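Rule-based calculations on the coordinates, nothing more; no lab input. Quick caveat: nothing in here was measured; it's all calculated off a predicted structure. Neighbour counts run over all protein chains shown; Cβ positions are idealised from the backbone, glycine included.
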């Protein structure tokens with residue numbers, strides 16, 4: 001059985017001074033997840049490891065460095081789903097949880113459900129998930145931007161990962177700090193199965209990013225997986241899913257898709273989308289901020 005992992009750091013606009021940090025963060029996440037897979041670990045373990053890296057990096061809108069809500073606090077959402085038994089777990093509107101993706105995975109393994117706010121926080125604490133003071137998740141940059149009411153152009157969206165392990169199990173995960181200035185208690189697509197993520201071993205797995213209020217009504221993750229029917233390549237399925245969103249609603253979004261064969265795909269309609277992946281057929285992981293970069297690299301490899 002082949003191994004594969006793909007991560008995203010959000011569909012967004014990446015300013016020049018943050019290109020390197022976005023590449024480095026996604027590369028570190030891919031490497032963390034790939035190390036787990038190569039050692040015989042499960043797809044769930046790999047997805048958790050990769051997303052924990054992104055949640056620890058203030059370059060991304062998840063965990064530490066999340067955007068601040070209308071009250072100047074950080075509330076995070078996260079979810080995980082595996083494609084064998086369709087198990088899932090999610091937390092939303094959570095404060096003081098250092099790695100919400102770990103809480104989501106624990107829920108997936110414990111009893112599939114979505115827990116919010118204090119209930120989710122108690123669950124995390126009771127099950128040994130790392131806790132912290134609510135203020136510890138606020139980065140200096142985010143605090144300054146909130147106080148000065150700056151327009152944020154590069155950090156509006158979710159991070160995510162999809163992995164395929166040696167047993168052929170597919171797992172998808174998502175994590176987010178929401179949107180800048182969102183109302184306290186707002187929950188977007190990230191924690192919702194079918195919207196922010198979906199996994200089915202028979203078809204594939206998907207993690208989405210973008211405007212939650214646009215992703216939810218078109219059930220973007222499940223839509224992308226449905227397009228995989230008939231041996232459609234993940235790249236095509238991802239593109240068709242984004243096109244479907246554009247045809248029905250307004251908003252920006254992106255998605256990463258992985259099928260049971262270990263083929264990867266991604267698409268977006270935002271200015272940029274930070275993506276990195278590694279498969280058993282590759283010598284080393286790659287990262288991209290624009291789809292054109294991937295296409296140029298493929299052309300270069302074919303010409304060698």
For percent of Cα pairs over 30 Å apart, calculated from these coordinates, the label among (i) 22; (ii) 28; (iii) 34
(i)
Comparing 249, 264, 187 in a Gaussian network model of the chain (Cα, 10 Å), the one with the largest mean-square fluctuation is 249
If the chain between residue 19 and residue 281 were fully stretched, how many nm would it gain, using 0.36 nm times the residue separation less the Cα-Cα distance?
91.7 nm
Considering the chain as a Gaussian network with a 10 Å cut-off on Cα pairs, which listed residue, 189, 272, 77, attains the greatest mean-square fluctuation?
272
Can you tell me the order of 211-220, 159-168 when each peptide is scored by its average per-residue count of other Cβ atoms within 10 angstrom, highest first?
159-168, 211-220
For the chain, with a Gaussian network of springs between Cα atoms less than 10 Å apart, report the residue from 279, 13, 35 with the top mean-square fluctuation.
35
Stretchable slack from residue 298 to residue 235, in nm (0.36 nm times residue separation minus alpha-carbon distance):
21.3 nm
Gain on full stretching of the segment that runs from residue 247 to residue 39 - 0.36 nm per residue minus C-alpha separation
70.6 nm
